[in-house]
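Contents: one structure, followed by commentary.
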Amino acid sequence: MFEWEENVFLGIKALHRRLFVSPRERAASVVRVHLAPRRQQWFLLANMIAEKPVAVFETPNAVLCDHERVFLPPEFSIASTPEANEHLFQLKTILAALAIKTRVADPKALLDEIPALKSRIADLQPLLGETDFWQLIGRAEFSRANEPRHSKTLANVLEAAQQPENVTEIEGKGQTNVQVQLGDDDQPVEAEMPIHTFEKAETLEEYSGLDRKTDDEDELEEHAEALHKLDMKHVVRTRERPRSIYRSDIVMDGLSLDFGSDAPAGGIPYPEWDFKKQQHKPAWCHIQPRTQIEADAAWAQSTATKHRAVILDLRKKLAALATQTQRAKRQPHGPELDIDAVIAAQVAQHSGHAPDERLYIQRQRRLHDVAALVLMDQSFSTDSWVDDARVLDTIRETLFCVGEVMDEFIETFAVAGFSSNTRRQCDFHLIKDFRDPWRTSRARLGRLEANGYTRIGPALRHAQELLTRQSAEKKVIFLLTDGRPCDYDRYEGEYGIRDVRKAIETGTRHGIMTHAFAIEQRAREHFPRMFARQHYDIVPNPKALAASMCGAFARLRLAC
Amino acid sequence: MSTPAVFYLETGRESELFAKAWEARLPLMLKGPTGCGKTRFVEYMAAKLGRPLITVSCNEDTTATDLLGRHLLIGGETKWTDGPVTRAVREGAILYLDEVAEARADAIVVIHSLTDHRRELFLDRTGETLHAPPEFMLIISYNPGYQRSMRELKPSTRQRFIGLGFGYPSTDIETRIVTGETGVDEKQARSLVSIATKVRSLTELSLLESVSTRLLVDAAKLIRAGLPPRYAATVAIAEPLTDDPDALAAIKQVIELTL
């Protein structure tokens, strides 16, 4: 709770900031160029120059790159014109990509790689005032074995109670060389060292990884400003459910964070792929299967009403696609004459042959040749809000619409959700089994809640297991996720991506295809490393998701 | 063997393999991305071996009838007309079925009997069985990983062929192809190839089809015809590849850095 004095102070501070802009800040705001709008472009440029897959990582630190990532700041405003700041982004991207390609840490040594660079940098330097270009872009840091990781920093951890539906998520700044210590998992945070509370955070230079006592509200937006000033050199992991998520990419110092074996876990064991050793860890993850029975009929009813237009539209589009492509020519029976066949029969008769009697076009509904399993990410990250809607709600409602339409086209499809909390606890919630009627299963979607992390590998393997028991000719898994594999116990970055890729490859060998969907634009940067070409769709907004999924279903049926 | 008029630059031992396969009467399958020189190679080899070449571009409507031939109805009379496959067998030509995976399954099956020791073609409409002469050769091509429709050749078809994988040529060879084909100077050809190498590293991100050697040759032709190099590369390389504004902007930057 804020005291009233605090509110007055914040109000005056905000007013002050709006009215009294420092001259330096005013000058900077005119020429400032942000990373976000052109991030994709720099990402592509870096990939081309490096001639191998590299990622873009946002961090204000003056470091050029590491062995596979180009580090770019959120903005440049140091040069005296916006064009020059744009050039700074471009030149830093190019030099970083060249450094990654050649493994040369000092960017000055890279000038000869592309002849045009030297003059461009010479042109830029006068516009930078006293700042030295080379200092500004920094050097590459290959030395540390900093394994790439993406992780969520759970800040402002509050006890789950009062407003369970309201989780805010803010994209934080990136941070390199982070130390992680483990939080005390099983003990609830008790009487705290009363050292840092978030009100004080505004004065913090460096957050040093202490467990703080948590209070009961989601105030992330109020604290965002303070959080952005944090220099997260040390972070803590805990199992607590976050009330707010401050999502930030961090590069951790090479540390090992394996959890010792606790008590043996129950459930169905599945292997996991270790790309460093190039072998499977046998019986590493344990799937805890659960069939969801609780349903929310009111939710189903209101969703059906709310999205009636969408469902009708999808149905129309799909019906058109299906009839257009499902016309089987030269059939013994059918509602239409096949004119080519008629002519051929006529010709055969004239030339003294027995004419073929298959003269009709049949519109077929092939129901027995496809089995699909829709696998949705149920992790905490789907509990956040994007565009005034909770991601989980969007996914649920999309699935509802898709299910309404698909029910008429595909007989065997299942819906399941997954989340995890370490390898011992990989939950797999079966919402609709293959033979369950959609009408009775659909309301179960309404009772889905966000939970845990995103360990995609075991969920995929279990889904494949379920599909192999189906007799259909084509088998496919549709995966809906935010695209970053992560779990509490080191299932992150390259390790997670390789495990997912391995699981998909194994499935493909057994005739099970995987098609993935994401709403997030950033998924562009890690999806291609997990999924084969043509086997994923990244949609710009939730609305496009339903259409994209239906399109994939339709393509699948065409391929039969 | 004569010296063919078709320009083709050997990247491995492919022409030797082709000639040996032709002598041994083995059918050949060419795999590779679009515009990497599969068709040109076949043309070159047909000219080199002095055999006529019959090319069929297959699509999803290509049926067995289209390949074998059909009776036409002319004023109450029927007349048999050979399809391209039948004609190739009769003439002892080199038959090239381009993008064969696109054709319908029944169309692919009719060539099976041509690919094994029988080397014969049965025309059910006329009751004729044709035996392929020794000069006849069957070549198919397909582009792995290109079909959006997830169509692939059946193993029973694939295993009837010798496989020859085509990739994009190495930097030096591709440079020589571009100069040889168009007459631009070597430095410019090398820059174009270096642009292509960079753009090809984006292919893994699935944003676009890869830059084909064909597009490079087109760019070089435009440069040769007097267009400014950057502009030529933009219209011949960047624009045909993608409509994505970010990807376009990024490729243009690479072009500006290189040319």
Out of A:494, A:473, sole residue that is more than 20 Å from residue A:286 (Cα to Cα), among the charged types (D, E, K, R), in contact (Cβ under 8 Å) with a residue 24 or more places away in the chain and more than 13 Å from chain B (Cβ to nearest Cβ)
A:494
Of (1) farther than 23 Å from residue A:411 by Cβ; (2) outside any strand (DSSP E or B); (3) aliphatic (A, V, I, L, M), residue A:516 satisfies every one except (2)
Quick check on segment B:179-192. Is at least one of its residues outside the structural domain of residue B:247 (by TED's automatic domain parsing), free of Cβ contacts under 8 Å to residues at least 60 places away in the same chain and basic (Lys, Arg)?
no
Expected output for segment A:304-315 (first residue of a type in the set (D, E, K, R), partner not in a helix (DSSP H, G or I), Cβ below 9 Å, 6+ apart or cross-chain) is A:315/A:408
Might you check whether a residue that is within 14 Å of chain A (Cβ to nearest Cβ) and within 28 Å of residue B:153 (Cβ to Cβ) occurs anywhere in segment B:53-60?
yes
Note on residue A:31: of the conditions (1) more than 27 Å from residue B:198 (Cβ to Cβ); (2) at pLDDT below 85; (3) touching a helix residue (DSSP H, G or I) at 6+ places or on another chain (Cβ under 6 Å), unmet is (2)
On the given criteria, is residue B:78 in a strand (DSSP E or B), modelled with pLDDT under 90 and among the polar types (S, T, N, Q)?
yes
Please count how many residues of segment B:209-257 are among the β-branched types (Val, Ile, Thr), modelled with pLDDT under 90 and assigned to a helix (DSSP H, G or I).
0
Based on what the data block shows, is residue B:184 within 30 Å of residue A:42 (Cα to Cα) and among the aliphatic types (A, V, I, L, M)?
no
Return the only residue of A:490, A:498, A:439 being assigned by TED's automatic domain parsing to the domain that holds residue A:524, closer than 15 Å to residue A:527 by Cβ, surrounded by fewer than 24 Cβ atoms within 10 Å (Cβ to Cβ) and basic (Lys, Arg).
A:498
Candidates A:445, A:399, filtered to the one that is touching a Phe, Trp or Tyr at 6+ places or on another chain (Cβ under 7 Å), hydrophobic (A, V, I, L, M, F, W, C) and part of a helix (DSSP H, G or I):
A:445
Identify, please: which residue in segment A:49-85 is among the hydroxyl-bearing types (Ser, Thr, Tyr) and surrounded by 19 or more Cβ atoms within 10 Å (Cβ to Cβ) and is, among those, farthest from residue B:202 (Cα to Cα)?
A:77
Got at least one residue in segment A:70-84 being at the interface with chain B (Cβ under 10 Å from one of its Cβ atoms), within 18 Å of residue A:116 (Cβ to Cβ), in a helix (DSSP H, G or I) and touching a helix residue (DSSP H, G or I) at 6+ places or on another chain (Cβ under 7 Å)?
no
When you scan segment A:26-40, do you find a residue that is within 12 Å of chain B (Cβ to nearest Cβ) and over 23 Å from the mean Cα position of the chain (by Cα), even just one?
no
Restrict the check to segment B:113-122 and report whether at least one residue is of a type outside the set (D, E, K, R), in contact with a helix residue (DSSP H, G or I) (Cβ under 9 Å, 6 or more places away or on another chain), buried (at least 20 other Cβ atoms within 10 Å of the Cβ) and under 30 Å from residue A:343 (Cα atoms).
yes
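The values are calculated or read from the model by the stated rules, or taken from the named source; none is laboratory data. None of the values given here were measured: they were computed from a predicted structure. Positions of Cβ are backbone-derived with ideal geometry, glycine not excepted, and every protein chain shown enters the neighbour counts.
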